[in-house]
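Structure first, then comments.
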Amino acid sequence: MFDPSTSPRVFGCAMGVDFPAAVIRGLEQRLQNAAPEDWARVTLFVNTRRMARRLRDLFDAGPPRLLPRIRMITDLDDLLPGDPLPEAASALRRRLQLVALTNKLIEQQTGFAPETAGFDMADSLATLMDEMQGEGVSAADIAKLDVSDQSGHWARAQQFIAIAQSYIDASGDAPDAEGRQRDTVLRLIAHWAETPVTDPVLVVGSTGSRGTTQLLMQAIAALPQGGVILPGFDFDMPDVWDEMAKDKAGEDHPQFRSLKLAERLNIHTNDIAHWSDTPVLTKSRNRLVSLALRPAPVTDAWRIEGPELTDLDVATAPITLVEADTPRAEAIAIAMRLRQAAETGQRAALITPDRMLTRQVTAALDRWNILPDDSAGTPLHLSPPGRFLRHVANLFDRPLDAEALLTLLKHPLTHSGHDRNEHVLKTQKLELRMRKQGLPYPDRDSLLHCASLADKNDVEGMERWATWVASLTFGQQLPGKLMLADWLDRHIALAESIANGPNGKDAGELWLKKAGQEARATIASVRDEAEFGVELTASDYANLIGGILSQGEVRDRDTPHPTIMIWGTLEARVQGAELVILAGLNDGTWPEAPKPDPWLNRKMRLDAGLLLPERRIGLSAHDFQQAIAAPEVWLTRSIRSDDAETVPSRWINRLKNLTVGLATQGAPDVWKDMQNRGSIWLDRVRKLETTEDVARAPRPAPCPPVSARPRGFSVTEIQTLIRDPYAIYAKHCLKLRALNPLVQTPDALLRGILSHDVMEAFVKATLAESNALSVEALLSHAQDVLTAKVPWPAARALWLARFQRSAAWIVETEIQRQAIATPSLFEKDATGRLVLPSIATTLTGRADRIDIDPAGDVILYDYKSGSPPTRDKQRHFDKQLLIEAAMVEEGAFNKLGPRTVRAAQFVGLGSNPRIEDAPIDDEPGSKILAELVSLLSAYLEGDKGYVSRRAMENDTDARDYDQLARFGEWDVSADAEPEVLT
C-alpha cells in the first residue's frame with residue numbers, strides 16, 4: 001500500500017473533515033489497483049469503540065469488499081507469540097486495596113484530607129499510579145524528586161506513594177491495566193523488531209497523548225507498511241512548529257500532542273502529509289481559528305497573517321454567537337435551535353462538558369416532546385436504584401431524622417413489591433401527623449405512637465405497616481467495624497427487604513430495568529472483590545459504596561430523536577453533524593479548571609515526566625478546534641452563572657480579539673455579525689418567556705354569609721382578629737390550617753412552649769418543697785425539660801444559657817409573687833368558657849397561671865419568652881390578659897367561680913427579663929367585654945369584610961395566610977375591596 005520509506009509515516013486529516021469517512025477514502029485511493037484480498041490484510045487500530053462502529057458502518061454501506069481488521073489499541077494479545085500476560089487486576093480491586101492505606105494516612109496525618117475522603121483519595125492515588133505506569137515512571141523516580149524547598153505535605157505524599165507501590169508489589173496480584181498494556185506494547189515492539197509485519201498497519205484517530213499509546217504509534221509508524229493518521233491536524237501553521245518546540249509550556253495548545261509525537265518520531269511536523277484528498281469545506285474558518293489559537297509567544301503573527309484573512313465573512317457566516325444573560329436563557333435558546341433542526345430534519349449535536357446545562361436543555365426540549373439522544377447517560381448514583389442504595393447505606397451510619405425517613409419511604413423503589421399504592425397512602429397520612437405533632441427525630445416508639453394517631457379509621461393496619469417500617473429503619477446503626485463482605489450482605493439484605501415490602505416477592509423493582517441491572521452488576525463486582533477490602537466503619541462503608549456507584553453510568557432512555565444528539569467530545573470526533581452547538585464556553589467550564597492533585601504538584605510532575613495539568617486543557621482545545629469546523633456552528637455561553645459573573649472561555653476571547661482587531665483595520669466586523677445572529681434567538685427566548693400581564697390581585701376583604709362566620713373564638717384569636725382579620729376568615733370559614741414544616745427548627749413558638757413547661761414544673765415543685773425555690777432547682781428543671789423536648793444540641797445549649805442569665809431574676813421575683821398569693825391553677829386546669837348571649841358567641845381561654853391571695857382575689861400571670869407587650873399595646877391589640885381578667889370576674893373559670901381580679905401581669909423570661917402589668921384599672925372587665933361584643937358584632941354584619949393584614953405591628957411580619965391573600969401583589973397602602981360571598 002505504501003512505497004518504501006526510511007522515515008516513519010505520519011498523516012493527518014484537517015478540521016472540518018468527516019474523519020472516519022476520510023480514513024476510508026484514503027484507503028480507497030491507495031488500494032484502488034490492489035487485489036480484493038489486500039483489503040483484508042489491512043489492520044486499523046482505533047482508540048474508541050465508537051470509532052470502530054462508525055468505520056464498520058461506513059464499510060457496510062458499500063460498495064461490496066472485504067473488511068479490514070478493525071481492532072482496539074488495547075487488543076494486542078493475539079499479536080504476540082506465546083501465552084499472553086495475566087489478566088489485569090480490576091480497577092475496583094486496586095482501589096479497595098488502597099483504601100486501607102489512605103484511611104490510615106488520613107488517620108495519622110491530621111489535616112491531610114477529610115475523614116470521609118478515603119475512597120476519593122484511593123481513587124486519585126490509583127489514577128496517579130495508572131498514569132505512572134502508562135508514562136513509564138516508577139515509584140523510585142518519584143522518590144528521587146527533590147522536594148526540599150517545598151512544603152512538607154509533598155514530602156509526605158512522596159513517601160506514601162513509595163509505600164503504596166511497595167504494598168501493591170508485595171500483594172502478588174496481577175498488574176494494573178495500564179502496566180499490563182505497557183508491558184504488552186514493549187513485548188510487541190521487541191517482537192516486531194525481530195519479525196517485522198509486512199501487511200499494512202495503521203493507527204487511526206489517536207494523538208498519542210498517553211505515553212504507552214505513543215510508544216505503540218512510534219513502533220507502527222516505523223513498520224514497513226505502517227502509518228499513523230492524526231485527527232484534526234492543523235495544516236495552517238507551517239511556520240509556527242519550531243517556535244512551539246522551543247516553548248516548553250505549550251501543553252495547552254490544541255496541536256501540542258502532534259508536535260510531541262513528531263519529535264518522538266524524529267520528523268518535522270511539516271512533513272505530516274494529507275491522508276486523503278477529501279475536500280475541506282471550512283478551509284477559511286480553519287485558518288482563522290488556527291491563527292486565533294496560536295501559542296502566546298507567536299501571537300505577534302496576528303499582525304502579519306491577520307490582514308491576509310480576506311474571507312472572514314465567508315469563514316464566520318455559519319457561526320452564531322449566543323451570549324445569554326443566564327444559564328436558563330442559554331439552555332432555552334439552544335433548545336429552540338434544536339427544535340428547528342428537528343423540524344427541518346437537520347442532524348444536530350450539542351457538545352459541552354457542563355452536565356447541568358445538558359439537563360436544562362433536555363428539560364426545555366421536553367415542552368415540544370423532543371427527547372435528545374444523550375450519549376453520556378445518567379450517573380448511576382443519581383439513578384433511582386443508586387439513590388435508594390445510598391439511602392439504605394446511611395441507615396447503618398446515623399439515626400434517621402424526619403426528612404430522611406420520609407425521603408426513604410417516598411422513594412419509588414420502597415415497598416415496590418406489592419400494594420405500593422397502600423404504602424404511599426399510609427406514608428402521606430404519617431407525614432401529615434408528623435407535621436402536626438412535631439417529630440424531628442423519630443425513634444421506634446414515637447413513630448409507632450404517631451402512626452397510631454395518623455389513621456383512626458384503620459388503626460390496626462396503620463400499626464402493622466408502621467411496625468414494618470420501624471423494624472427496618474431503626475436500630476440499624478453499628479458502632480464498630482465490619483469487613484466489606486459483611487457490610488455488603490447486610491446492605492443488600494436490608495435494601496431488598498425495604499424494596500420488597502412486608503408482603504412482596506423477591507426485591508420488588510430494585511433490580512429491574514437498566515438502572516437496576518447496572519446497580520446489581522456493580523454490587524456484584526464489589527462482592528467479587530470484597531476479599532481485598534479492609535474493616536470499615538458504617539460511615540466508611542457508606543462513603544465507599546457511594547463512591548463506587550458514582551463511577552457507573554446508565555443509559556435507560558425511551559427511543560430518542562434520531563437527529564438530535566448530546567455528545568461528549570469523544571463522540572464528536574468520530575461522528576459528523578450538520579449543526580454543532582458548542583455550549584458552556586466559560587472559563588472553568590470549557591476548558592475545565594485542572595483538578596487539584598493531592599499527591600504531586602506541577603513541578604514534581606514536570607520533573608518526573610508525568611502529564612501536566614495543562615494537558616487536559618490542550619485536549620479540550622483540540623476538541624474545540626475540530627468541532628468549530630462543522631458546517632454550521634453555534635457558540636454559546638451565559639454572562640452570569642447562578643451567583644456571579646462569568647469569564648468567557650479563553651478560545652472565545654482569542655477569537656474575539658483577533659476578529660475585532662481585524663475589523664479596526666478595515667476588515668468586516670464579523671464578531672458583531674455573529675452576535676447579531678445570536679441576538680435574534682435571544683429575542684425569541686425573551687418572547688417565549690414573556691407572559692401576559694395579569695391584573696394584580698386587590699387587597700382582599702371577603703364578606704362570607706353571616707351564617708358561615710365563626711361564633712367561637714379563643715382569647716388569643718382576638719388579637720389576630722384585630723391585626724389580621726383575614727387569618728380568622730381562612731381558619732374558621734375556609735377551614736384551612738397551616739401545614740407545619742417537615743424539617744422542624746427550634747423556633748420562637750417552641751421556645752415559648754418550653755418556657756411555660758419549665759416555669760410550671762418549677763413552681764409546682766416549690767409548692768411541694770419550699771427549698772426548691774432556688775436558682776439551682778430552676779436550672780435543674782430547665783435542663784430536664786430541654787433534654788426531653790429539644791433534640792437540637794445547639795438550641796438546647798443556647799436556651800439553657802438564656803435561662804441561666806435570667807434565672808436569678810426569675811427566682812427573686814417568684815419569691816415576691818408567692819409572698820403575695822399562692823399558685824393555684826396552672827395551664828392544664830386554668831381553662832375558661834364564656835358565652836356572650838347578645839351575639840351568640842362563645843369565648844374560650846386558657847391562663848398560664850392563676851394565683852389566689854388570702855382574701856380570695858385572683859392574680860393572673862402570662863409567661864412570655866420574649867419581650868412582653870406594653871400597656872398601650874394591651875389596650876389596643878394584645879388584649880389577652882384583659883379579656884381573661886374579665887372572664888374571671890364573670891365566673892367563666894369553673895374551678896374558680898366569680899372572683900375579683902387583683903392584678904394581671906406578663907412575665908418576660910427573655911434575655912432582658914421584666915414584668916409588664918395589664919392596665920386592669922383603666923380597662924375594667926365590663927369595658928373590655930363591651931368593646932369585645934362591639935368588635936365581634938361588627939363582623940356579624942353582612943357587608944363587613946375580613947381585611948388582610950389590617951393592623952400589623954411590622955409590615956415585614958410574615959403570616960400563615962399571606963400567600964392565600966396574594967400579599968405582594970398589593971401592599972399595606974392599598975385600600976381593601978370588600979367582596980360579598982354567597
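Nothing in this text is a laboratory measurement; each read-out follows from the coordinates by a stated rule. Not measured: the values here are computed from a predicted model. Quick reminder, even Gly has a Cβ in these numbers, built from the backbone with ideal geometry, and neighbours come from all protein chains shown.
Charging the Cβ of each Asp and Glu at -1 and of each Lys and Arg at +1, and nothing else, the dipole of the stretch 91-173 about its Cα centre rounds to 240 debye.
Shown in residue order for the stretch 409-422 are the 3J(HN,Hα) couplings computed by the Karplus curve 6.51 cos²θ - 1.76 cosθ + 1.60 at θ = phi - 60°: 5, 8, 4, x, 8, 5, 6, 8, x, 6, 6, 4, 4, 5 Hz (x for Gly and Pro). When only the Cβ of Lys, Arg, Asp and Glu is charged (+1, +1, -1, -1), the dipole of the chain relative to its Cα centre reaches about 1080 debye. Summarising the label geometry, the points placed 7 Å from Cα in the beta-carbon direction at E343 and R49 lie 3.8 nm from one another.
For T378, nonlocal amide neighbours, meaning residues 5 or more places apart or on other chains whose placed amide H falls under 5 Å from its own, are V554, R555, D556. Under a 5 Å amide H cut-off, with hydrogens placed 1.01 Å from N, G226 pairs with V201 among residues at least 5 apart or on other chains.
Ignoring the sites themselves, the chain has its longest run without GluC sites (Glu not before Pro) in a DSSP loop having at most 12 other Cβ atoms within 10 Å at 88-691.
Against the chain, whose longest principal axis is taken from its Cα atoms, helix 459-473 shows a tilt of about 50°.
The residue list Q626, P84, S714 was ranked by how far each Cα lies along the charge dipole of the chain toward its positive end, using unit charges on Cβ atoms, and S714 comes out on top. Working note: Karplus 6.51/-1.76/1.60 with θ = phi - 60° gives the stretch 327-340 the couplings x, 5, 4, 4, 5, 5, 4, 4, 4, 5, 5, 5, 5, 4 Hz, where Gly and Pro are set to x. Its Cα gyration tensor gives the chain an equivalent ellipsoid; the semi-axes, largest first and in whole Å, are 74, 36, 27. If you count the DSSP beta bridges with both ends in the chain, what percent of them are antiparallel, to the nearest 5? Percent antiparallel among DSSP bridges in the chain is about 30. Close amide H pairs (under 5 Å, H built 1.01 Å from N) link R949 with Y726, A727, residues at least 5 positions away or on another chain. Taking a straight Cα-Cα cut-off under 30 Å and skipping sequence neighbours fewer than 8 places away in the same chain, the lysines within cross-link reach of K595 are K104, K144, K246, K248, K260, K603, K656. Each of D683, D857 has some number of other Cβ atoms within 10 Å of its Cβ, and from fewest to most they run D683, D857.
Going from the residue with the fewest nearby Cβ atoms within 10 Å to the one with the most, L688, L321, L754 rank L688, L754, L321. Exposure proxy ranking for L786, L836, based on other Cβ atoms within 10 angstrom of each Cβ and starting from the fewest, stands as L836, L786.
The long axis of helix 484-500 is offset from the longest Cα principal axis of the chain by roughly 60 degrees. Between rounded, prolate and oblate, where does the stretch 441-488 land on the alpha carbon gyration tensor, with a ≥ b ≥ c its root eigenvalues, rounded for a/c under 1.5, else prolate if a/b exceeds b/c? Note, shape of the stretch 441-488 comes out prolate. For the stretch 612-666 and the stretch 422-458, what is the separation of their Cα centres, given in Å? Computed from Cα coordinates, the inter-centre distance equals 55 Å. Helix 19-30 and the longest principal axis of the C-alpha atoms of the chain enclose an angle of approximately 10°. Which of rounded, prolate, oblate describes the stretch 712-938, given a ≥ b ≥ c as roots of the alpha-carbon gyration tensor eigenvalues and a/c under 1.5 marking rounded, otherwise prolate only if a/b is larger than b/c? Because a/c hits 1.5 or more and a/b fails to exceed b/c, the stretch 712-938 counts as oblate. For the stretch 380-554, a crude dipole built from +1 on the beta carbon of Lys and Arg and -1 on the beta carbon of Asp and Glu, taken about the Cα centre, is about 560 debye to the nearest 20.
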